[in-house]
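Notes follow the structure.
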Amino acid sequence: MQSFSILIIGYGNNLRSDDGVGRYLAEIIDQQELPFVKTLSVHQLTPELVLEIVEAQAVIFIDAMIAFPPFEISLQSLEPSQDKTRLGHTSNPEQLLSLCKNLYHKFPSAWLLTIPTNNFEFGETFSDLTQNAIASALVILTQLIKILSLKFYAPVENQ
């Protein structure tokens, strides 16, 4: 198994138009074959993902967000959920971080990148709103990966 420090998890239903944008962005990053980066493109977040998440130093979740003005891409840091709700077949990023914390007594740094969307009809194409946000979302995602790579792999200089 290849060692990785940054885990990218894109999730959503790629048969429901804009809902698949998280998976699409994860697959673009995967094609770049970045060192120490592992990508997953999944239909939904499930508790089994904790096995991957706990091995990472950082995880970036990517998802679609129903857009309301001002239709912006959002990047927010995440913490484990304090909610004691039961897990089902699907989870949210905070619940998965909470599972890591409760089961393994550790959790990675985490972020959620959300892309503005407005079409969840059956289909495999993105709305104009989502299509227009993809390039900017890739810039944000790439910059975050670079920052995290420098944090984890910055060369140590002799003093």
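The values are calculated or read from the model by the stated rules, or taken from the named source; none is laboratory data. As the structure is a computational prediction, the values presented were derived from the model and not from experiment. Heads up, the Cβs are rebuilt from the backbone with ideal geometry, glycines too, and the neighbour counts pull from every protein chain shown.
Overview of results
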{"quantity": "First in region 60-73 and over 25 Å from P108 (Cβ atoms), second anywhere and surrounded by 14 or more Cβ atoms within 10 Å (Cβ to Cβ) and aliphatic (A, V, I, L, M), Cβ under 8 Å, 6 or more apart", "calculated": "A67/L129; F71/L129; F71/A133"}
{"quantity": "Whichever residue in region 1-42 is in a loop (DSSP other than H, G, I, E, B) and among the aromatic types (F, W, Y) and, among such residues, is farthest from A137 (Cα to Cα)", "calculated": "F4"}
{"quantity": "Members of region 121-135 that are surrounded by fewer than 16 Cβ atoms within 10 Å (Cβ to Cβ) and in a loop (DSSP other than H, G, I, E, B)", "calculated": "E121, F122, E124, T125"}
{"quantity": "Matching residues, region 90-106, being of a type in the set (A, V, I, L, M, F, W, C) and in contact with a Leu (Cβ under 9 Å, 6 or more places away or on another chain)", "calculated": "L96, L97, L99"}
{"quantity": "Search result, residues across region 120-129 that are out of contact with any Leu (no Cβ under 9 Å at 6 or more places or on another chain) and over 24 Å from L34 (Cβ atoms)", "calculated": "F120, E121, T125, S127, D128, L129"}
{"quantity": "Restricting region 48-82 to residues that are more than 28 Å from A135 (Cβ to Cβ) and touching a Ser or Thr at 6+ places or on another chain (Cβ under 8 Å), the residue that is modelled with the highest pLDDT", "calculated": "P80"}
{"quantity": "So L34, is it touching a residue at least 24 places away in the same chain (Cβ under 8 Å), surrounded by fewer than 19 Cβ atoms within 10 Å (Cβ to Cβ), out of contact with any Lys or Arg (no Cβ under 7 Å at 6 or more places or on another chain) and hydrophobic (A, V, I, L, M, F, W, C)", "calculated": "yes"}
{"quantity": "Some residue of region 43-59 being over 23 Å from E121 (Cα atoms), among the small types (G, A, S) and in a loop (DSSP other than H, G, I, E, B)", "calculated": "yes"}
{"quantity": "Per-region count, region 46-57, residues surrounded by fewer than 21 Cβ atoms within 10 Å (Cβ to Cβ) and either in contact with a helix residue (DSSP H, G or I) (Cβ under 8 Å, 6 or more places away or on another chain) or in contact (Cβ under 8 Å) with a residue 40 or more places away in the chain (or both)", "calculated": "6"}
{"quantity": "Number of the condition not met by A64 [criteria: (1) buried (at least 20 other Cβ atoms within 10 Å of the Cβ); (2) small (G, A, S); (3) under 12 Å from the mean Cα position of the chain (by Cα); (4) within 26 Å of K151 (Cβ to Cβ)]", "calculated": "(4)"}
